[in-house]
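Here, each number is a calculation from the coordinates, and none is a lab measurement. Please read all numbers here as calculations on a predicted model, not as lab measurements. Quick reminder, even Gly has a Cβ in these numbers, built from the backbone with ideal geometry, and neighbours come from all protein chains shown.
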Amino acid sequence: MVEAHAAALTVTPSTLLRWIPLLPLFAAVVHGVMLGLLRRTMPRSGVVALSVGAVVLSFLVSVVAFGQLISLPEGQRVLVDDLYTWIGAGRFSAEMSFLLDPLSAVMILVVTGVGSLIHVYSIGYMDDDHREDKGFQRFFCYLNLFTFSMLMLVLGDNLLVLFLGWEGVGLCSYLLIGFWYSDKWNAYCGSKAFIVNRIGDFGFLLGIFTLFAALAQAGHPTVTFRDIATAFPAIAAQTVAMPGWLGGGEWKLATLAGVFFFIGAAGKSAQIPLYVWLPDAMAGPTPVSALIHAATMVTAGVYMVCRMSFLYAAAPGASALIAWTGAITALFAATIAITQTDIKKVLAYSTISQLGYMFLAAGCGAYGGAIFHLATHAFFKALLFLGAGAVILAMHHEQDIDKMGGLRKAIPYTAVVFLIGVIAIAGIPPLSGFFSKDEILLGAYTAEHIPGHRMLWAIGLVTAGLTSLYMFRLYFRTFEGKFRGTADQLHHVHEPAKSVLVPLGVLAFFSAVAGFGGLPQVYGDWFGIKNSNSLAHFLSQTLGHHEVPVSHSEELRLAGLAILVSAIGGALAWWLYLQAPAVPQKIRENAGPLFRLLREKYYVDEIFDVIFVKPLVWISENVLYKGVDAGLVDGAMVNGSAKGVQAVAARGLKYLQSGYAQSYLFFMVAGTLAIVGWLVS
Amino acid sequence: MIPLSHVIWLSAALFTIGVIGALTRRNLIVILMSVELMLNAVNLSLVGFARAWGDLGGHVFVLMVIAVAAAEVAVGLGIVISLFRNRDSVNIEDVSLLKW
């Protein structure tokens, strides 16, 4: 893989790329100036035309840019749009420039494509929200700003532009989770997401510093991805002495930087132990959960790891860490998802689990598989979230699936598209999730360089079964069986507006067929298609070729096993929640310690609360607030100086102001005499 | 020809008498008179120096000081009269309200 990068690439300039992020930025700035400076709102139709128009236009520009990219000869597909020198210092310069290569092309199509659909969906979803006059425009302002930041992130030509977008999406995530900020809980969730992400960002920054310091020492002070990749072999062999509390010894520089980068990725992409913010992020409006916390922002970590794949190829230790963290996160989150009863929480844990899959693939070197799953996941998870949003709208903001059931009869269209999403994520062929998940499992199965790769594969397989179980459970509990809410609720259940339904249909279509973009060769052979895995082929320029050393018959056996596991999961859900509803009821009532452990999410929030939050709050309260702020600043400095002046002036000095003009005259004469005397002597 | 030192000594003596008067007397009118005495002490030394060095600048300055002193006395006596109308007193110790 390193060799592939070392080969000199011909860079084609293009001035088209800048418009992809700038269009949403323009809309966001217009909204921001109106709301923040002019204190005026636009009519809703104007907001829709500007915001949705900007993102759709950005999507069209992306498609044109994609067309330009694939018209270039294979292996030379790099478009660069250099705007200006952002930071220049001596031999170092960071350009504000955008890069379109196969990897970022896939990303911008997903971001602007799914983003456009979710913008359209938001028109209908936010229409009945009247909590605040400016809410509608403010929402679209943030959404546009998010789209801009995300596009900066994936189009950035160097680490600094990527980091700019990285921070931007974090900010927008915070703003949108706490969108309904008058509810204190939402504001708390927003802060939690922001603070946890901050920890990850710190790791990311350390990674940039580590890499840059080593490169600069080797005479290549650069942050541009292509230049880093070219210069990287010069520092690949360097080692760094580790401090004693980390076990001492020498680490490869690539491993150290790789671990730092992964800490950043784990924060943004919700991996153990930094995943805790994502379930709480569901406090935001549902389109936000779909766009930011399922389809795009949370995949930024996966994208970044793939972007740095040349680094991880030289750092097997860091790769193993990624693979294992991903696999354990996938299993861990899937077990929690089984017991949750909030429709959005189930999907949130499912997202964490699927992100774990992507990291499992990236750690095993199957970067193409990670991006493939990223794309298909963006479709079906956005579909599931938007479907859940339609259910929540229909149920008048009820999210508890214990109070749903039988909704298929009332909202059949939503039920059908939701079912398509469920089948896609569960990994039933020929829908998209099956192909992408299979590529990941195959990648883990054959990753000889990762310790315990068969174990990773087994975890992935079990997780696939669990995924199928909890997703079908969600579907059956929501749409099948008997309605468990009040008669009044049932009476009001209705299909949502057209602007909500159309994006659902489009996403359902792509969830169903997107898998054929990465059809494994073993199935391609059945239909006589050459190079059927066109996505992997397309990405290979950036991510390298990932050859899978297994025979076709073995590949088919593994796929069959995966289908069997998924089918068992689905069948179990069908039996438990439709045929024998008494059984889960019984388990719940007896609430064994294991069930309680899962339902309470392994008490991780509580443990973090005791270990990190409580001590921090205690220190803030007692040391920083009572000690430093109230005691030192307010007490000693502000009140202290005032009290000191009072003690000197009010008790003593003021008596000099006797009111007798002659005493003042006396001081004047005495003073003059003293000065003259001093001058003369 | 009177030497300059005589003029300076006389001027200094007059000024000191004026200062002591302003510091010790309680009657506002006497205090004003003491201030006039100090001003004229200065005038005297100005004229003395002007004559010693043959510079008319000193004379000009003296005319200036006399004009300002006239205005000052007019305002000062006005204040004393209005004070007397309000307080029935021209004792400076009776006007000590503006204090801590």
- Message: Would you report the distance distribution of C-alpha pairs in the range A:581-652 as whole percents per 10 angstrom bin, up to the bin with the largest distance?
- Response: 17, 20, 16, 14, 12, 10, 7, 4, 1
- Query: Which value in nm describes the separation of the simple spin-label points at A:Glu621 and A:Gln217, placed 7 Å from the Cα toward the beta carbon?
  - Reply: 4.5
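Calculate, for A:Tyr664 and A:Leu164, the FRET efficiency according to 1/(1 + (r/R0)^6) with r their C-beta to C-beta distance and R0 56 Å; round to the nearest 0.05. Present the calculation step by step, with values, prior to reporting the outcome.
Working: r = 65 Å, r/R0 = 1.16.
E between A:Tyr664 and A:Leu164, to the nearest 0.05, is 0.30.
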- Query: Roughly how many debye, to the nearest 20, is the charge dipole of the range A:600-647 about its Cα centre, given +1 on each Lys and Arg Cβ, -1 on each Asp and Glu Cβ, and no other charges?
  - Reply: 300
- Item | Label-point gap, in nm, between A:Phe209 and A:Val550 - each point 7 angstrom along Cα→Cβ | 4.3
- Could you calculate the contour length gain from A:Gln521 to A:Tyr181, that is, 0.36 nm times the residue separation minus the distance between their Cα atoms, to one decimal place in nm? 117.4 nm
- Query: Given that compact globular proteins tend to follow 2.2 N^0.38 Å, what is the ratio of the alpha-carbon Rg of the range B:4-92 to that value?
  - Reply: 1.27
- Item | Cleavage-rule hits (trypsin sites (Lys or Arg not before Pro)) in the range A:346-428: DSSP loop, at most 15 neighbouring Cβ within 10 angstrom | A:Lys409
- Hey, what do the phi angles of the range A:505-516 turn into as Karplus ³J(HN,Hα) couplings, whole Hz, using 6.51/-1.76/1.60 and θ = phi - 60°, x for Gly and Pro? x, 4, 5, 4, 4, 5, 4, 6, 9, 4, x, 6
- For the range A:604-681 and the range B:36-100, what is the separation of their Cα centres, given in Å? 43
- Fewest-first sequence of A:Asp82, A:Asp488 by Cβ atoms within 10 Å of each Cβ: A:Asp488, A:Asp82
- Write out the trypsin sites (Lys or Arg not before Pro) in the range A:1-94 meeting two conditions: DSSP loop, and at most 10 other Cβ atoms within 10 Å of their Cβ. A:Arg39, A:Arg40, A:Arg91
- Note on the structure: Between A:Leu38 and A:Arg651, the FRET efficiency computed from the C-beta separation at R0 = 51 Å comes out, to the nearest 0.05, as 0.40
- Query: Given charges of +1 on the Cβ of Lys and Arg and -1 on the Cβ of Asp and Glu, with all other atoms neutral, how large is the dipole of the range A:306-428 about its Cα centre, in debye to the nearest 20?
  - Reply: 160
- Task: Positive end of the charge dipole of the range A:600-647 (Lys, Arg +1 and Asp, Glu -1 on Cβ, about the Cα centre): tell me which of A:Tyr625, A:Val638, A:Tyr602 has its Cα farthest that way.
- Result: A:Val638
- Message: I'd like to know which of A:Phe372, B:Asn27, A:Gln217 lies farthest towards the positive end of the charge dipole of the protein assembly as shown, counting +1 on Cβ of Lys and Arg and -1 on Cβ of Asp and Glu.
- Response: B:Asn27
- Query: How would you rank A:Cys189, A:Cys141, A:Cys364, going from fewest to most other Cβ atoms within 10 Å of each one's own Cβ?
  - Reply: A:Cys189, A:Cys141, A:Cys364
- Message: Placing one identical point scatterer on every Cα of the range A:437-517 and ignoring solvent, what is log10 I(q)/I(0) from the Debye formula at q = 0.19, 0.20, 0.25, 0.27 Å⁻¹?
- Response: -1.01, -1.04, -1.16, -1.18
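Beta carbons within 10 angstrom, averaged per residue: use that to sort the peptides B:75-87, A:221-233, highest first. Write down the numbers at each step before the final one.
Details: B:75-87: 12.2, A:221-233: 19.5.
Ranking the peptides B:75-87, A:221-233 by packing returns A:221-233, B:75-87.
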- Item | Neighbouring partner chain Cβ atoms per residue of A:650-661, average, 10 Å criterion | 3
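Going through the range A:492-600, which GluC sites (Glu not before Pro) have at most 14 other Cβ atoms within 10 Å and a DSSP loop state? Before the final figure, lay out each step's value.
On the way: sites: A:Glu547, A:Glu554, A:Glu555, A:Glu589, A:Glu600; in loops: A:Glu547, A:Glu600.
Qualifying residues, ordered by number: A:Glu547, A:Glu600.
Once the piece of chain linking B:Ile20 and B:Phe84 is laid out straight, how much longer is it, given 0.36 nm per residue of separation minus the C-alpha distance between them? Could you put the intermediate results ahead of the total?
Details: separation 64, 0.36 × 64 = 23.04 nm, distance 2.40 nm.
Once the chain is fully extended between B:Ile20 and B:Phe84, it gains 20.6 nm.
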- Item | Selection from A:Ala281, A:Leu564, A:Thr329 lying farthest towards where the dipole of chain A points positive, charges on Cβ | A:Ala281
- Task: Using the number of other C-beta atoms within 10 angstrom as an exposure proxy, rank A:Ser641, B:Ser96, A:Ser353 with the fewest first.
- Result: A:Ser641, B:Ser96, A:Ser353
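Taking a temperature of 37 °C and a viscosity of 0.692 mPa s, what whole-number D in µm²/s does Stokes-Einstein yield for chain A with Rh from Kirkwood over alpha carbon pairs? Don't skip to the end; give the middle numbers.
Working: Rh = 27.2 Å.
In µm²/s, the coefficient is 121.
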- Item | Proximal lysines to A:Lys601, defined as alpha-carbon separation beneath 23 angstrom and excluding residues fewer than eight positions away on the same chain | A:Lys184, A:Lys192, A:Lys268, A:Lys344, A:Lys345, A:Lys381, A:Lys403, A:Lys586, A:Lys614
- So, with +1 on the Cβ of K and R and -1 on the Cβ of D and E, and no other charges, what is the size of the charge dipole of the protein assembly as shown about its Cα centre, to the nearest 20 debye? 1300
